[in-house]
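To start, I am sharing the structure in question, which I have written as structure tokens.
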Amino acid sequence: MKRFAAGLLALLLLGALPKGNAQAAAETPEVAAGGAALMEMDSCRMLAGWNEHVKLPMASTTKIMTALLAIERCELDRVVKIPDAAVGVEGSSMYLAKGEELRVIDLLYGLMLTSGNDAAVALAIEIAGSEEDFARLMNERAEELGCTETNFVTPNGLHDPEHYTTAYDLCRIACAAMRSETFRTIVSTEYYQTQSGDKTRTLKNKNKILWQYDGGNGVKTGFTKAAGRCLVFSAERGGTQLVGVVLKCPGMWDEAKKLLDFGFDNYRTRRLIEAGLRVGFVAVRGGEKKGLELSAKNDILYPLSVDGTDTLRWTLESPDEVAAPVQAGTELGRLKLYCNDEMVYDTALYAAETVEAAAYRFYIDEILERFRAG
């Protein structure tokens, strides 16, 4: 049965690969930026990079992390009373007034569409009590996401010499944020109205990718004199969701489109394993059945090169035998998938069915059968 599972998975992975003869991998385009990166959203597979590990200031693209933390830690209808510290903050603004009350969701739209530095401060203080403590939360979350070349000092990206990231790290942060449905809805919105007392604000998104690029759906612009022009951008076509970053990039719109074109021309997201597919087998000792099959709970999707240069392999780790009873959904193994010898998925495998303990007579018969078999 394990040989059967191995053969089945090999065929499935082979079927996921593009048809035709393998060709040379597409050359990553040069990007006129201090740093650039392009990833597929779900896997964070790096599709293109240019000085992607150079540490640079990131201006208002900082607010992607601020928004992610607010979404993760707050109810969207929670009402925030605007503190003194959030009034008159320099730079782009929602023009919040002291004591004004707005919902978290309204502040998030002000943060991401009009790039309100004051909205960032209001959210930071509401969540952590101070901007300094919020920066600590930002850095902790960045570390959780595997971002080791980033340090946050402010919630809005106003310049500080110790506030920096890399295109690689910022792209990973943006991928995590874009996996939130709430975040995706916010950053793909062109116009939004907020209501606070008798005051109505109409907010307009500054991200031209939304209306200038087919499939554009996010995410955030940024600018300071120190950081230059910065853009985090995203688009989806045919089930492939790409996220990219350009930092210190005077021609950010054209460079972003160039990277997106490269990604869509050269990669497609493929379903490698379908949720519920039986991919392994484990013998059951003392059960009503002699074994059970293993399956993954979720689809496994991964972007593969269209030129056929990617190679896939897998390993399946599971015990040879388990004792009954076994409940459906019990974790019994791991499936690890490798692309070009790099592990890209490590997912649990679960019992696809319940196997109850055998009645006494059945159990004795099974022991005798094993004894006769030698």
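Given the structure, is residue 326 farther than 27 Å from residue 40 by Cβ and out of contact with any Cys (no Cβ under 6 Å at 6 or more places or on another chain)? If you could, list the steps in order and put the result at the bottom.
Details: farther than 27 Å from residue 40 by Cβ: yes; out of contact with any Cys (no Cβ under 6 Å at 6 or more places or on another chain): yes.
So residue 326 fits the description; yes.
Pick from segment 326-343 the residues that are closer than 30 Å to residue 286 by Cβ and in contact (Cβ under 8 Å) with a residue 24 or more places away in the chain: which of them is surrounded by the most Cβ atoms within 10 Å (Cβ to Cβ)?
Filtering segment 326-343 for residues closer than 30 Å to residue 286 by Cβ gives 326-336.
Now narrow it down to the ones that are in contact (Cβ under 8 Å) with a residue 24 or more places away in the chain: 326-328, 332-333, 335.
Details: 326: 21, 327: 11, 328: 12, 332: 19, 333: 18, 335: 23.
So, considering only residues that are closer than 30 Å to residue 286 by Cβ and in contact (Cβ under 8 Å) with a residue 24 or more places away in the chain, the one surrounded by the most Cβ atoms within 10 Å (Cβ to Cβ) is 335.
Another question, then. Please pick out the residue among 182, 189 that is assigned by TED's automatic domain parsing to the domain that holds residue 108, assigned to a loop (DSSP other than H, G, I, E, B) and more than 25 Å from residue 50 (Cα to Cα).
Values: 182 fails: assigned to a loop (DSSP other than H, G, I, E, B).
Of the residues listed, the single one that is assigned by TED's automatic domain parsing to the domain that holds residue 108, assigned to a loop (DSSP other than H, G, I, E, B) and more than 25 Å from residue 50 (Cα to Cα) is 189.
List pairs: first residue in segment 113-137 and farther than 16 Å from residue 183 by Cβ and free of Cβ contacts under 8 Å to residues at least 24 places away in the same chain, second residue charged (D, E, K, R) and surrounded by fewer than 24 Cβ atoms within 10 Å (Cβ to Cβ) anywhere in the structure, Cβ distance under 8 angstrom, at least six positions apart or on different chains.
The qualifying pairs are 128/136.
Could you identify the single residue in 208, 199 that is more than 20 Å from the chain's Cα centre (by Cα), among the charged types (D, E, K, R) and within 19 Å of residue 32 (Cα to Cα)? It would help to see each step written out before you state the result.
Numbers: 199 fails: within 19 Å of residue 32 (Cα to Cα).
After ruling out the rest, the residue left standing is 208.
Applying the selection to segment 298-325, what residues are in a loop (DSSP other than H, G, I, E, B), touching a Ser or Thr at 6+ places or on another chain (Cβ under 9 Å) and surrounded by 13 or more Cβ atoms within 10 Å (Cβ to Cβ)? It would help to see each step written out before you state the result.
Going through segment 298-325, the residues in a loop (DSSP other than H, G, I, E, B) turn out to be 298-299, 306-311, 318-320, 324-325.
Pick out the ones that are also touching a Ser or Thr at 6+ places or on another chain (Cβ under 9 Å) and you get 298, 325.
Hit for segment 298-325 is 325, nothing else.
What residue, of 329, 263, 280, is assigned to a loop (DSSP other than H, G, I, E, B) and outside the structural domain of residue 210 (by TED's automatic domain parsing)?
329
If you don't mind, there's one more thing I want to ask. Scan (1) modelled with pLDDT of 95 or more; (2) out of contact with any Cys (no Cβ under 9 Å at 6 or more places or on another chain); (3) under 27 Å from residue 256 (Cα atoms) for the single condition residue 29 breaks and write down its number.
Going through the list (1) modelled with pLDDT of 95 or more; (2) out of contact with any Cys (no Cβ under 9 Å at 6 or more places or on another chain); (3) under 27 Å from residue 256 (Cα atoms), residue 29 breaks only (1).
For the subset of segment 274-297 comprising residues that are farther than 27 Å from residue 44 by Cβ and of a type in the set (A, V, I, L, M), which member is surrounded by the fewest Cβ atoms within 10 Å (Cβ to Cβ)? Please lay out each step first, then the result.
If we filter segment 274-297 for residues that are farther than 27 Å from residue 44 by Cβ, which is where we start, we get 278, 281-293.
Cutting the leftovers down to of a type in the set (A, V, I, L, M) gives us 282-284, 292.
Numbers: 282: 21, 283: 15, 284: 21, 292: 24.
Ranking the qualifying residues of segment 274-297, first place goes to 283.
Give the residues of segment 225-260 that are more than 23 Å from the chain's Cα centre (by Cα) and assigned to a loop (DSSP other than H, G, I, E, B), sorted by residue number.
Matches in segment 225-260: 225, 226, 227, 248, 249, 250, 251.
Going through 90, 140 one at a time, which residue ends up being surrounded by fewer than 16 Cβ atoms within 10 Å (Cβ to Cβ), out of contact with any helix residue (DSSP H, G or I) (no Cβ under 9 Å at 6 or more places or on another chain) and either not hydroxyl-bearing (Ser, Thr, Tyr) or not assigned by TED's automatic domain parsing to the domain that holds residue 62 (or both)? Walk me through it before giving the result.
Numbers: 90 fails: out of contact with any helix residue (DSSP H, G or I) (no Cβ under 9 Å at 6 or more places or on another chain).
Just one listed residue meets the conditions, 140.
May I ask you to verify whether residue 161 is over 23 Å from residue 199 (Cα atoms), surrounded by 24 or more Cβ atoms within 10 Å (Cβ to Cβ) and in the same structural domain as residue 55 (by TED's automatic domain parsing)?
Details: over 23 Å from residue 199 (Cα atoms): yes; surrounded by 24 or more Cβ atoms within 10 Å (Cβ to Cβ): no; in the same structural domain as residue 55 (by TED's automatic domain parsing): yes.
For residue 161, the condition - over 23 Å from residue 199 (Cα atoms), surrounded by 24 or more Cβ atoms within 10 Å (Cβ to Cβ) and in the same structural domain as residue 55 (by TED's automatic domain parsing) - is not met.
Pull out all pairs, ordered by first then second residue, where Cβ-Cβ is under 9 Å, the residues are six or more apart or on different chains, the first lies in segment 52-68 and is outside the structural domain of residue 161 (by TED's automatic domain parsing), and the second is modelled with pLDDT under 95 and part of a helix (DSSP H, G or I).
Cβ pairs passing all conditions: none.
Scanning for something among the hydrophobic types (A, V, I, L, M, F, W, C) and farther than 16 Å from residue 236 by Cβ, does segment 261-271 turn up at least one residue? Even if it seems obvious, please write down each step before you answer.
Filtering segment 261-271 down to residues among the hydrophobic types (A, V, I, L, M, F, W, C) leaves 262, 264.
Now narrow it down to the ones that are farther than 16 Å from residue 236 by Cβ: none.
Scanning segment 261-271, I find no residue that is among the hydrophobic types (A, V, I, L, M, F, W, C) and farther than 16 Å from residue 236 by Cβ, so the answer is no.
Sticking with this one: I'd like to check something: does segment 214-227 contain any residue that is modelled with pLDDT under 95 and either surrounded by 16 or more Cβ atoms within 10 Å (Cβ to Cβ) or under 25 Å from residue 96 (Cα atoms) (or both)?
Kept after step one, since they are modelled with pLDDT under 95, are these residues of segment 214-227: none.
No: segment 214-227 contains no residue that is modelled with pLDDT under 95 and either surrounded by 16 or more Cβ atoms within 10 Å (Cβ to Cβ) or under 25 Å from residue 96 (Cα atoms) (or both).
The values are calculated or read from the model by the stated rules, or taken from the named source; none is laboratory data. As the structure is a prediction and not an experimental result, all values here were calculated from the model. Note that we place each Cβ from the backbone using ideal geometry, even for glycine, and neighbour counts take in every protein chain shown.
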